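What follows is a short report on a single structure.
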Amino acid sequence: MNPPEAAVTRHWGTTVYTSAQVLGIPLGYDREATPVGQALPEPFDHGLRRALERCTRVVVAFDGKLGDSLLAFGAVTAVTDALSLLGRSVPFTALGRYGRLHPARHTDDSHRGSPRIIVGDEPGAALADPTGDDHVLLCRPEHARCRDDGRRVHTFLPARYYLEVEERFGRRLPGGPPFLPSLAPDTCDTDGQEFSVAAVTATSRPGRKDYGAQRFAAAARIIGVRVGRKARLLLVSGHDGAGDLPADTDGLRVEPVMGAGLETLTSLFARCDVVLGNDTGLTHLAALASRRAEVIGLYGRHSHSKWRTGLAHHHALATPFSERMHRWDMCPVRDGLDEAEGERYAPLSAISPATLADTAVLVLERGYL
């Protein structure tokens, strides 16, 4: 007997989650009711406070994974806001492949002052070559937990990082959701009358997190029909092989985008109307790089609410396994879960192209929901 069809859930970028919906760790203070700059009730981290008061430079150092790095920029935002509350202005230096994506005005690190605050991942921090005078803030996504401020649960990774720094700093910081800097240009040229859809087929786990080019193409065809425009589908792959490319049709033109650099992809995403993507770093980049595109990520293995930017135009479609990770703030790796059993009844293919297309059309027609 076949198992019943898995229920797929939609989650919009503007959704606010509460403690009745998601398990979170209490902050211990009502954030909305706490004035900016006010001391928080719990003891603060004296080492971090002293480092913020004394540092001569902030180093943004990320060299591990693209998606992890982009979402960890929430920690950089918190450090920037804490320095502002202290009335301090210090230069920023970027290190690593992904540290350089942070939009702060970066300076040369050839004349290295000390002490520094280094915000990054382990490979990036190694590039920074910290000394005993430096203070290192490592961003580890498996350690970042939901925070519940009594009114909402801050599920998205940028918020988790930001609020952890706020708690350690011991004073209410001025930032609010999504706690991230924008990588999007203020204006961008569109591709004319053609309706542009990008599909991110790249993924770190092809066996478990790849929706497939053919399914993305099927969804793009439906979207084009529903909006009444010929669609251009940009298949964004992280490798050099085109694979089994979907065929062009009267309503859809398919273009492979293989092995493009991050600068090229940032410009490409900024001009798209819709971005559909696997749960991977390039999908997160699309959400940060475009002010106009509706971005829909597909989640089967991890929490859809943790692994999103928190931006209003970054939506999710989730299998029941992903929904479970979301509801209980779980991580399949950290918590040692039997992913194969969960995915047997809720594979990513449970998200039909029609459901994906319908989700895209809904946000295009109604705006942010």
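Miscellaneous remarks
- Qualifying residue in region 276-295 (condition: among the β-branched types (Val, Ile, Thr) and in contact with a Ser or Thr (Cβ under 6 Å, 6 or more places away or on another chain)): yes
- Residue ID - modelled with the lowest pLDDT, chosen from residues in region 1-20 that are surrounded by 12 or more Cβ atoms within 10 Å (Cβ to Cβ), more than 27 Å from Thr80 (Cα to Cα) and in contact with a Phe, Trp or Tyr (Cβ under 8 Å, 6 or more places away or on another chain): Ala6
- Qualifying residue in region 259-266 (condition: at pLDDT 90 or above, polar (S, T, N, Q) and surrounded by fewer than 23 Cβ atoms within 10 Å (Cβ to Cβ)): yes
- No other residue among Gly67, Gly87, Gly113 is of a type outside the set (Ser, Thr, Tyr) and more than 21 Å from Leu163 (Cα to Cα) apart from Gly113.
- His315 being closer than 18 Å to Phe216 by Cβ, in contact with a helix residue (DSSP H, G or I) (Cβ under 9 Å, 6 or more places away or on another chain), open to solvent by less than 20 Å² (accessible area, probe 1.4 Å) and in a strand (DSSP E or B): yes
- Boolean, Asp134 is within 26 Å of Pro43 (Cβ to Cβ), in contact with a helix residue (DSSP H, G or I) (Cβ under 9 Å, 6 or more places away or on another chain), surrounded by 18 or more Cβ atoms within 10 Å (Cβ to Cβ) and not small (Gly, Ala, Ser): yes
- When Gly47 is tested against (1) over 16 Å from Leu173 (Cα atoms); (2) part of a helix (DSSP H, G or I); (3) open to solvent by less than 20 Å² (accessible area, probe 1.4 Å); (4) in contact with a strand residue (DSSP E or B) (Cβ under 8 Å, 6 or more places away or on another chain), just one condition goes unmet, and that condition is (3).
- The condition of being under 22 Å from Gly175 (Cβ atoms), in a helix (DSSP H, G or I) and modelled with pLDDT of 95 or more does not hold for Gly37.
- Condition met for Leu276 (at pLDDT 90 or above and buried (at least 22 other Cβ atoms within 10 Å of the Cβ)): yes
- In region 278-302, the residues that are under 19 Å from Glu142 (Cβ atoms) form Cβ pairs under 6 Å with partners that are among the hydrophobic types (A, V, I, L, M, F, W, C) and open to solvent by 10 Å² or more (accessible area, probe 1.4 Å), at six or more places apart or across chains, as follows: Asp279/Trp307; Thr280/Ala202; Gly281/Leu66; Gly300/Leu348.
- Annotation: of all residues in region 335-357 being outside any helix (DSSP H, G or I) and farther than 12 Å from Gly212 by Cα, the one that is modelled with the lowest pLDDT is Ala346.
- Filter result (modelled with pLDDT under 95 and not in a loop (DSSP other than H, G, I, E, B)) within region 102-124: His106
- Within region 62-120, the set of residues being over 16 Å from the mean Cα position of the chain (by Cα) and closer than 26 Å to Arg147 by Cα comprises Ala78, Val79, Thr80, Asp81, Ala82, Leu83, Ser84, Leu85, Leu86, Ile117, Ile118, Val119.
- Criterion (open to solvent by 20 Å² or more (accessible area, probe 1.4 Å) and under 30 Å from Arg327 (Cα atoms)) met by exactly one of Arg97, Arg140, Arg88: Arg140
- The set of residues in region 16-29 that are touching a residue at least 40 places away in the same chain (Cβ under 8 Å) and either out of contact with any Leu (no Cβ under 8 Å at 6 or more places or on another chain) or within 13 Å of His304 (Cβ to Cβ) (or both) comprises Val16, Tyr17, Thr18, Ser19, Gln21, Val22, Leu23, Gly24, Ile25, Pro26.
- Members of region 21-44 that are small (Gly, Ala, Ser), out of contact with any Cys (no Cβ under 6 Å at 6 or more places or on another chain) and either open to solvent by 80 Å² or more (accessible area, probe 1.4 Å) or closer than 15 Å to His154 by Cβ (or both): Gly28
- Some residue of region 57-70 being closer than 14 Å to Phe169 by Cα and in a loop (DSSP other than H, G, I, E, B): no
- When Ser69 is tested against (1) open to solvent by 50 Å² or more (accessible area, probe 1.4 Å); (2) of a type in the set (S, T, N, Q); (3) within 14 Å of Gly124 (Cα to Cα), only condition (1) is not met.
Yes or no, residue by residue, for (1) modelled with pLDDT of 70 or more; (2) among the aliphatic types (A, V, I, L, M):
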| position | (1), (2) |
| --- | --- |
| Ser182 | yes, no |
| Ala198 | yes, yes |
| Arg205 | no, no |
| Gln214 | yes, no |
| Ala217 | yes, yes |
| Ile223 | yes, yes |
| Val227 | yes, yes |
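The values are calculated or read from the model by the stated rules, or taken from the named source; none is laboratory data. Everything numeric in this text was worked out from a predicted model, so none of it was measured. So basically every Cβ, Gly included, is an ideal-geometry build from the backbone, and we count neighbours across all protein chains shown. We work out accessible area using only protein heavy atoms, side chains counted, and drop any ligands, DNA or RNA first. Shrake-Rupley method; radii C 1.70, N 1.55, O 1.52, S 1.80 Å.
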